[in-house]
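Asker: The structure under discussion is supplied below as structure tokens; questions concerning it will follow.
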Amino acid sequence: MSPIEQVILNKKTQVNPIWIMRQAGRYLPEFREIRKRNTDFIKLCLDPNLSTEITLQPLKRFDLDAAIIFSDILILPFGFKQKVEFKKNFGPILGDLNLEQISKVTENDFIQRVKPVYEAINLVKNNKITKNKSTIGFVGAPWTLLVYIINKQSPKLKLKDNFFKDFSLIKQTLEIIEKFLKIHIKNQINSGAEIIQIFDSWAGLLDDKDLDFYVYNPTHSLVKYVQSLNVPVICFPRGIKNYKNYCETVKPDAICIDYEIDPIKIQKEIRIPIQGGMDPKILLTDKDILKREATKYLDIFKDHPYIFNLGHGVLPETDPNMMDYLVKTVKDY
Ligand code: 1CP
């Protein structure tokens, strides 16, 4: 069993496990090299050999304990035939949502469209580099996917004023999202994913009164589904104010915290294994600060099941040498 799975099962580990969100990505020159030649991002995600190569790139450099499959949360709407494109320096742009067309998309149609993701998981899982490491599959949470699917672009730039206007559209879309999420999760697990992480990057956009409907209920349903397949699930509700409440309601096997969260307070409040927390911007400073900050998290979680990670994805401007130093600091602690 890999160290990450041991931590999730509340077992003692020999090493401090570490993996990093967006560990395969733009801060690595070898990724940028491949990306330069592959301008269509979705197509790149759907090339099983290239996505396997990208997934393994960080593991060749650093002593990480997991491979997270190189894909994207927006593969889901692509799979049910909503148009998805990525524009340079802008982010994702989605096409119009045609519910009539989407409701005709079958499980088999979906699988045919996204099958290369499952092939890549299989290749990663069976590569000798991932021996004793976890292969992590992932999905976006229903709410975060709803945001992209209805808003059709990042809400970072703008959550449209009339976003919540058509409640019937929202309800039907959420049902479709949940249906395909379950299919996508099941196939990732059948292809070799040993842990599922659910990314709720925009959980922080909602008022408290809306959390039950958009976040807690649909995410809890997914968590139960993953657990019914005997696979542990890590949730990352970025920006949510009350992580304790989230854990008690959604009941994931482990919780990934963002960098706004006070680690001392959360350690006292939450019983389940914790992952992440350190601000990715720390990697843009210097080695002394990096060591001090990483050690702070390790000290705080010394007696708590803890998986080292950041409080959001590693930034593209990060120097890979700083990543190397971080991994060594965590392993030598
Ligand atoms: O070269 C490029 O321009 C591509 C940048 C990139 C990368 C490397 C995108 C576009 N997606 C990815 C891969 C990716 N996305 C992974 C792979 C594995 C890894 O972690 O190493 C994962 C897990 C994701 C998940 C993802 N995609 C999230 C959730 C996590 C988060 O960052 O909050 C979200 C919100 C997306 C949407 C998305 N995809 C890409 C971008 C630039 C965005 C965000 C757009 C926005 O700001 O709204």
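Asker: Mind grabbing the accessible area of residue 247 for me, 1.4 Å probe, Å², rounded to tens?
Answerer: Its accessible surface works out to 20 Å², give or take rounding.
Asker: Another question, if that's okay. Return one number: the angle in degrees, 0 to 90 and rounded to the nearest 10, between the long axis of the Cα atoms of helix 320-332 and the longest principal axis of the Cα atoms of the chain.
Answerer: Helix 320-332 sits roughly 60 degrees off the main axis of the chain.
Asker: Measuring from label point to label point, each 7 Å out along Cα→Cβ, what is the residue 328 to residue 163 span in nm?
Answerer: 4.3
Asker: Taking the Cβ of residue 62 as the centre, find all other residues whose Cβ is under 12 Å away and add up their charges (Lys, Arg: +1; Asp, Glu: -1).
Answerer: Taking every other residue near residue 62 into account, the sum is +2.
Asker: Something else now. Using Cα pairs under 8 angstrom and six or more residues apart, how large is the relative contact order of the stretch 3-332, in percent?
Answerer: The value is 21 percent.
Asker: Can you list which of the chymotrypsin sites (Phe, Trp or Tyr not before Pro) found in the stretch 88-124 are DSSP loop residues with at most 13 other C-beta atoms within 10 Å?
Answerer: Answer by residue number: 90.
Asker: OK, next. How much FRET efficiency would the formula 1/(1 + (r/R0)^6) give for residue 1 and residue 228, where r is the Cβ-Cβ distance and R0 is 22 Å, rounded to 0.05?
Answerer: That gives a FRET efficiency of 0.60.
Asker: How much length is gained if the chain between residue 269 and residue 303 is pulled fully straight, taking 0.36 nm per residue apart and subtracting their Cα-Cα distance, in nm to one decimal?
Answerer: Numbers: separation 34, 0.36 × 34 = 12.24 nm, distance 1.38 nm.
Residue separation times 0.36 nm, minus the Cα-Cα distance, leaves 10.9 nm.
Asker: What's the long-distance tail for the stretch 3-332, i.e. % of Cα pairs beyond 25 Å? Mind dumping the intermediate values first?
Answerer: Values: 26785 of 54285 pairs.
The calculated P(r) of the stretch 3-332 puts 49 percent of pairs beyond 25 Å.
Asker: Hey, another quick one. Of 126, 89, 98, which is the most mobile in a GNM of the chain whose springs link Cα atoms less than 10 angstrom apart?
Answerer: 89
Asker: Okay, next question. So how much slack lies between residue 63 and residue 321, counting 0.36 nm per residue of separation and subtracting their Cα-Cα distance, in nm?
Answerer: Working it through step by step, the gained length comes to 91.6 nm.
Asker: Under a cut-off of 24 Å between alpha-carbon atoms, report the lysines in cross-link reach of residue 244, not counting same-chain residues fewer than 8 places apart.
Answerer: Reachable lysines: 11, 12, 209, 224, 265, 268, 296, 302.
Asker: What is the antiparallel percent of DSSP beta bridges lying wholly in the chain, to the nearest 5?
Answerer: Values: 5 of 26 bridges.
Once the DSSP bridges in the chain are tallied, antiparallel ones form about 20 percent.
Asker: How much mean residue ellipticity at 222 nm does the chain get from its helices, if each DSSP H run of length 4 or more adds -39500 (n - 2.57) and you divide by all residues, to the nearest 500 deg cm²/dmol? Before the final figure, lay out each step's value.
Answerer: Numbers: 14 runs with 150 residues, N = 333.
One gets -13500 deg cm²/dmol as the mean residue ellipticity at 222 nm.
Asker: Report, in debye and to the nearest 20, how large the dipole of the chain comes out about its Cα centre when Lys and Arg carry +1 and Asp and Glu carry -1 on their Cβ. Display every interim value, and only then the final one.
Answerer: Values: 48 positive and 41 negative charges, 92 e Å.
With only Lys, Arg, Asp and Glu charged at Cβ, the dipole is about 440 debye.
Asker: Further question: Tally Lys and Arg at +1 and Asp and Glu at -1 over the other residues with C-beta under 15 Å from the C-beta of residue 292: what net charge comes out? Walk me through the numbers before you get to the answer.
Answerer: Values: positive: 281, 287, 291, 296, 328; negative: 279, 286, 288, 293, 299, 332.
Once positives and negatives cancel, what remains is -1.
Asker: Just to confirm a number: summing +1 for Lys and Arg and -1 for Asp and Glu over residues other than residue 48 whose beta-carbon lies under 10 angstrom from that of residue 48, what do you get?
Answerer: Value of the local net charge: -2.
Asker: Can you return the lysines within cross-link range of residue 115? Criterion is Cα-Cα under 16 Å, with same-chain partners fewer than 8 residues away left out.
Answerer: Straight-line reach from residue 115, under 16 Å: 43, 81, 125, 182, 186.
Asker: Calculate, in nm to one decimal, what residue 103 and residue 115 gain on full extension: separation in residues at 0.36 nm each, minus their alpha carbon distance.
Answerer: Values: separation 12, 0.36 × 12 = 4.32 nm, distance 1.97 nm.
2.3 nm is the gain from fully extending residue 103 to residue 115.
The values are calculated or read from the model by the stated rules, or taken from the named source; none is laboratory data. Remember, predicted model here, so these are calculated numbers, not experimental data. So basically every Cβ, Gly included, is an ideal-geometry build from the backbone, and we count neighbours across all protein chains shown. To get the accessible areas, we keep the full protein, side chains included, count just its heavy atoms, and leave off ligands, DNA and RNA. Shrake-Rupley method; radii C 1.70, N 1.55, O 1.52, S 1.80 Å.
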